[in-house]
Structure formats: structure tokens, C-alpha cells
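Reading through the C-alpha cells given below for one structure.
The values are calculated or read from the model by the stated rules, or taken from the named source; none is laboratory data. Quick caveat: nothing in here was measured; it's all calculated off a predicted structure. Here the Cβ positions follow ideal geometry from the backbone for every residue, glycine too, while neighbour counts run over all protein chains shown. Surface areas here come from the heavy atoms of the whole protein model, side chains and all, with no ligands, DNA or RNA. Shrake-Rupley method; radii C 1.70, N 1.55, O 1.52, S 1.80 Å.
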Amino acid sequence: MPLRKPVHGIFFDLGWTLLYPVSGNWMFSNFARAYFRQEILDSLPQERVTAAMKQAMDHLDQNHQLDTIDQEYQQFLTYYTMVAEALPELGLSQAQLRKVAEDHVYNLENVRLYPASLPTLQALAGRYRLGIISDTWPSILSQLEHLGLSSFFQCATYSYTLGTYKPDPRMYRDALEKMGLPPEETIFVDDSTGNLRGAAALGIQPVLIQAKPSSSKPDPGMTALSDLEELPELLG
């Protein structure tokens, strides 16, 4: 579906849009998987594993408003500890859990750019105002700097600063206020149809990116891209 013109601002999600986890899982890096061994997890009743993961994730979700990367480290240390205590068959010590949390928060090599991310941002920079709307953590600031992306964006809305996640309207209102444009002159590129519906409810034009394995299908009439490199042509 063609975008309504003019478009003066573009919001980007980060995970599964510009970036992806090397391990294929945002919560468990390859380093973490050496401790949270899949063969042990597979040997346990899956309802126990699912319940352990959910309880730990609920803790993160309920305590998401953060200021510093050190607070993020403490949150993830609690997350991994909760999983390990609920699944003692993993046999993990507190020292091992600290190593896993440190790797998750401080190891900048756990995340990579999609091949099209940097060329696309370079093509759009200067022609549009660029912003971020992302469910993420304080370490993202170091990550963006490490990947060479920080300078492309004029504004950013991060879930950890608001203590809520997309599609909460507060995320989009904060982004629009920072962008300084009417919503109908902006688009939002995200991998989640639910997040895009939330943006569309406030007048932002939704664009689904389907780079993620097992991507969701677009809603009827929703613009979709198979690769980010298609975005400059879509904008014209």
C-alpha cells in the first residue's frame, strides 16, 4: 500500500529491524547457552521450563524503568538467578550467573547489524528526520555507538526510560513530541504488527519489516518490506 505523502520523519525499531542477536535469542547469548544448556532444558518437563522463564520475565517487565547500565546488570542477574533457582538441574553457581549477566549486558559483540541497515540510514540521513522507538535497555546507548549508528538519529524513545513497552501510547506520544512533526508526516518501521497498530492508532504510518525469521504477516493494507534496502525506494 502506498504511503501518504509528504513523509518528513522516520521512526525505526531496533531489534529485528536494524539489529539482530548473534545467537538468535535476545535473552540467551551463545555464552549464556554454554551454561543454560539446551540438552538439560529439553530433558525437563516443558511446563516447568516455561513457567521458570515466564516468572523471570515478569520480574523484568515489572521493574523496567531504569537509569543506568549497572541497574540493567542487576536486573539480568536477578533474571538468570530466578531461572536457575527454578531449574536446579542446571547446576549453576552464583559466580557463573554473574558471568552470564555480565556477558549479556556488557558484551557488545552479541548484537550485529543487518547488512542493509547502515546503507539505508546513509541514504535517508539529511533527507528525513530519523528517530528510534524501541523496547530496550540502557546498554543500547553503548551498543549504538559501537555499531556506528548513534549519529544518524535526531531523537529516541526507549522503553526503559518510560518503564513501559510498545504498543503503550506513551511510547508513540513521547516519540512524536521529540520528533516535532505531525504523526501523518511520519512512518514507523517495526517487525511487530501489534506495535505498528499502536503507532497507527496515533496517526503514524506503519511499515512492517519482515527480516526476522518467522516474521508476522502484515495486516490487510499494511505496507511491508522484506528487506530494509527497499525503504528508500518506497519513500520515492
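Points to keep in mind about this one:
- Residue count, the stretch 195-208 (criterion: within 20 Å of G15 (Cβ to Cβ), crowded, with 18+ Cβ neighbours inside 10 Å and touching a residue at least 24 places away in the same chain (Cβ under 8 Å)): 6
- Cβ-Cβ under 8 Å pairs, at least 6 apart or on other chains, the stretch 89-106 side small (G, A, S), far side open to solvent by 60 Å² or more (accessible area, probe 1.4 Å): none
- Of the residues contained in the stretch 64-72, one or more are found to be more than 30 Å from P183 (Cα to Cα), open to solvent by 30 Å² or more (accessible area, probe 1.4 Å) and under 17 Å from the mean Cα position of the chain (by Cα).
- Residue ID - least open to solvent (accessible area, probe 1.4 Å), chosen from residues in the stretch 209-234 that are over 12 Å from T17 (Cα atoms) and hydroxyl-bearing (S, T, Y): T223
- Residue match in the stretch 108-124 (condition: surrounded by fewer than 18 Cβ atoms within 10 Å (Cβ to Cβ), in contact with a Phe, Trp or Tyr (Cβ under 6 Å, 6 or more places away or on another chain), outside any helix (DSSP H, G or I) and hydrophobic (A, V, I, L, M, F, W, C)): no
- Residues located in the stretch 87-101, provided they are in contact with a helix residue (DSSP H, G or I) (Cβ under 7 Å, 6 or more places away or on another chain) and either under 15 Å from F31 (Cβ atoms) or surrounded by 16 or more Cβ atoms within 10 Å (Cβ to Cβ) (or both): L87, L90, L92, L97, R98, V100, A101
- Those residues of the stretch 74-93 which are of a type in the set (F, W, Y) and farther than 20 Å from Y165 by Cβ, in sequence order: Y80
- For the stretch 28-53, the set of residues classified as assigned to a loop (DSSP other than H, G, I, E, B) and either in contact (Cβ under 8 Å) with a residue 24 or more places away in the chain or on the phi > 0 side of the Ramachandran plot (or both) consists of S29, Y35, F36, R37, L44, listed by residue number.
- Test: residue in the stretch 202-213 that is within 27 Å of Q65 (Cα to Cα) and assigned to a helix (DSSP H, G or I): no
- For the stretch 177-194, residues that are touching a residue at least 24 places away in the same chain (Cβ under 8 Å), assigned to a helix (DSSP H, G or I), surrounded by fewer than 23 Cβ atoms within 10 Å (Cβ to Cβ) and not basic (K, R) total 4.
- Among the criteria (1) more than 20 Å from Y106 (Cα to Cα); (2) part of a helix (DSSP H, G or I), the one T81 does not fulfil is (1).
- Some residue of the stretch 125-132 being under 25 Å from H64 (Cα atoms) and open to solvent by 40 Å² or more (accessible area, probe 1.4 Å): no
- Search result, residues across the stretch 145-169 that are touching a residue at least 12 places away in the same chain (Cβ under 8 Å), of a type in the set (G, A, S) and either surrounded by fewer than 17 Cβ atoms within 10 Å (Cβ to Cβ) or not in a strand (DSSP E or B) (or both): G148, S159, G163
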